[in-house]
1. Considering only region 143-186, how many residues are touching a strand residue (DSSP E or B) at 6+ places or on another chain (Cβ under 7 Å), more than 13 Å from SER122 (Cβ to Cβ) and of a type in the set (S, T, N, Q)?
2. Have a look at ALA74, ALA47, ALA41 and point out the one that is closer than 22 Å to LEU313 by Cα, among the aliphatic types (A, V, I, L, M), touching a residue at least 40 places away in the same chain (Cβ under 8 Å) and in a helix (DSSP H, G or I).
3. When only residues in region 61-95 that are polar (S, T, N, Q) and in contact with a helix residue (DSSP H, G or I) (Cβ under 7 Å, 6 or more places away or on another chain) count, which is farthest from TRP11 (Cα to Cα)?
4. Tell me the residue from THR267, THR316, THR235 that is surrounded by fewer than 23 Cβ atoms within 10 Å (Cβ to Cβ), modelled with pLDDT of 95 or more, among the polar types (S, T, N, Q) and in a loop (DSSP other than H, G, I, E, B), please.
5. Among the residues of region 199-230, what is the count of those that are closer than 15 Å to ALA187 by Cα, touching a residue at least 60 places away in the same chain (Cβ under 8 Å) and not charged (D, E, K, R)?
6. Mind checking whether some residue in region 210-225 is in contact with an Asp or Glu (Cβ under 9 Å, 6 or more places away or on another chain) and closer than 24 Å to GLN29 by Cα?
7. For region 245-264, give me the residue count where each residue is more than 16 Å from MET307 (Cα to Cα), outside any loop (DSSP other than H, G, I, E, B) and in contact with a helix residue (DSSP H, G or I) (Cβ under 6 Å, 6 or more places away or on another chain).
Amino acid sequence: MTDGDLIDRLWSALLPMQRLAWEQGVASQAALDSGRTDLAAAIARDALEHQDADGRLAATGDAGLVNGGCLGEAVAALAAQGDARAAEALERQRWWFLRFSPRDDEGVVWHLAGSTEVWVDSIYMVVPLLVLTGDVAPADMQYRMHREHLWDTNSGLYRHRVDTVSGEHVRGAFWASGNGWAAAGMARALSVGGEAVPAEMRARWQRDTRDLLDAISRHQSAGGRFHDVLDDSATFTDGTAGLMCAYTAFTGVAEGWLPADYVHRATRWLEAALSRVDADGVVRGVCGAPHFETEGTSAEAQAFAIMAHVASLRVT
């Protein structure tokens, strides 16, 4: 099977899947990464149609406060083509994050409406968007605060959810996909920002992301997969986490902030996940939508399979 055949099969399975804002976002990023600017523009236009009064892109009535952020790259690409509506929409999404999105008194944004919880997933949704809009200091503030609330110094991993008001770890598990969101989010932020990210900050983000990959790596199975809860072998194995980490590692090597030997482990993670792509192009053996509590299928797994595969071509 050629690279093009694989990508086509993955897209054929992804496009019909029901998707919420963050799933639309990663689909748009997969489109941008794989050169499908037509799809990225179409997804961006739909995100504009569903932007709510608050400025959240692709809002469909769910409780997510931050998930529209990962549509920013596709909307920015549309704006760069001269679409004034897209430029205005991106600015509204930007100000939602900077000022209006509900947050703790210290400024860290909450993940869900009606909740005072910070989720590790938000690193992916918020940090790259703020880097994209040139708000690098607020991006770093959000990264630092999410890390302060959720990163565990002993394991080097992120816990999933914490209530910033009560201090309760609502879900203290080391969720594999959650750690994948954090790693891939920082890789995305580094790619989007490039040298516009100050040198000290850029070096810290690179170091932290490498350390996170190393911490995650310690929990891989013999087959190059990860349990849904990284340190709990009783949980099912989740290919999405491997795809997220493979994308991160390939990107880091291609952009010079990870050593070349990370390609070996990234290839292992990618191949382990792609070995479960069925005849219809569906990535099986992943954390399943919509609740992500059991094994199933998901749009994010499809998107990251495309993104990780395309990233692998940058180092071969």
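1. Selection size over region 143-186: 2.
2. Checking each option against the conditions leaves just ALA74.
3. GLN93
4. The conditions single out THR235.
5. 2
6. yes
7. So the answer is 1.
The values are calculated or read from the model by the stated rules, or taken from the named source; none is laboratory data. Not measured: the values here are computed from a predicted model. Backbone-built Cβ (ideal geometry, glycine too); neighbour counts: all protein chains shown.
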